[in-house]
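Asker: Before we start, here is the structure in question, set down as C-alpha cells.
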Amino acid sequence: MDKQEQMFALVEQYYQSGLSARLFSEQHHISYTTFSYWVRRKRELARRENSIGEFIPVNIDQHTFSPTDAIELTYPNGVQIKLPTFNREQISQLLSLV
C-alpha cells in the first residue's frame, strides 16, 4: 500500500469517526496541516472522478418548459448558474461559454 492509499484509508476512518479533523489527526499522530492536505486531496480526486468533463445532451421540447420555470446549469468544473426563468437564448449563450 503506497502513501496515498494509506492516507486515503485514514481519511475514510476520519469520515466514519465523527471527530473533528484536528482531534482525529492528533489521535493518529499526524500534523493537522498534513492531514488537512490529504482530506482536500481525496475530496478533489473524488470530485474529478465524478465529473464527466462535458455537458450531457438534453433535448428540450418547446412544450416541456414554460417561460416561468427556473433553470439550473451546472458546468463540468462545478460552477452552478441558477436562472429565475427559462430563456432559450440565454441558455444557449451560457452553454457556448464552455
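Asker: Name the long-range amide H neighbours of Leu83: under 5 Å, sequence gap of 5 or more, or other chain; modelled H, no Pro or chain starts.
Answerer: Excluding prolines and chain starts, which carry no amide H, the hits are Ile71, Glu72, Leu73.
Asker: With a sphere of radius 14 Å drawn around the Cβ of Arg40, what net charge do the other residues whose Cβ falls strictly inside it have (Lys, Arg +1; Asp, Glu -1)?
Answerer: Details: positive: Arg41, Lys42, Arg43, Arg47, Arg48; negative: Glu44.
Summing Lys and Arg as +1 and Asp and Glu as -1 gives +4.
Laboratory data are not the source of any read-out in this text; all were calculated from the coordinates shown. Everything numeric here is computed off the predicted structure, so don't read it as measured data. We place every Cβ from the backbone using ideal geometry, glycine too, and count neighbours over all the protein chains shown.
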